[in-house]
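Note sheet for the following structure.
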Amino acid sequence: MKLEEVKKIAIIGSGAMGHGIAQVCAMAGLKVIIKDIKQEFLDNAVAKVKESLVFLVGKGKITQDLMDNITKNLLTTTLDTKEAVADAQIVIEAVPEILDLKKSVFKEVSSFAPKDAILATNTSTMSISEIGSVVDHPERFVGMHFSIR
């Protein structure tokens, strides 16, 4: 897969890391869908992204047009894993650092995501090999860790 082929990124988990990663991806012009287990978590994530974007507009770091494009066209949410990952080229997991939870997420994600989608765990403390052991086509599984400041 070439970088220019990436059109959609699914983020699994909407906490501090998840919504921060979603914002960075949307600011790069990519469609982003955030998936979580409760609507209130998703609503909070979207509110935090908007708050951050308003701050960036106020500082002149981004334009109002970019903010509007992100909030109206690029950033969506869902409670459904299949909807989130079905046509994503990259899936980034950002759930709490609980090994069984991460493995459960990837078992589900790998059953719904396209077979050539890159599946990434956002962990800095756990075994990438252990988390990826549940993934179909493990050659597409990677570990990555974002630093949100």
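Residue farthest toward the positive end of the dipole of the chain, with Cβ of Lys/Arg at +1 and Asp/Glu at -1: which of F141, I62, A86?
Of the options given, the answer is I62.
Tell me, how many Å apart are the Cα centres for segment 33-62 and for segment 77-149?
22
If we count every other residue with Cβ under 13 angstrom of N122's Cβ, Lys/Arg +1 and Asp/Glu -1, where does the sum land?
Net charge around N122: -1.
Relative contact order (percent) for segment 3-144, with alpha-carbon contacts under 8 angstrom and 6 or more residues of separation?
About 25 percent, as a whole number.
Ignoring solvent entirely, what values of log10 I(q)/I(0) come out of the Debye formula for segment 3-144 at 0.11 Å⁻¹ when each Cα is a single scatterer?
-0.38
Amide H of E93: which non-local residues (sequence gap of 5 or more, or other chain) have their own amide H closer than 5 Å, using H built in the peptide plane?
Counting only residues 5 or more places away or on other chains, the set is I12, A120, T121, N122.
Where a number appears in this text, it was derived from the coordinates with a stated rule and is not lab data. Quantities reported herein were computed from a predicted structural model and do not represent experimental measurements. Don't worry about glycine lacking a Cβ; one is built from the backbone with ideal geometry, like all the others, and counts go over all protein chains shown.
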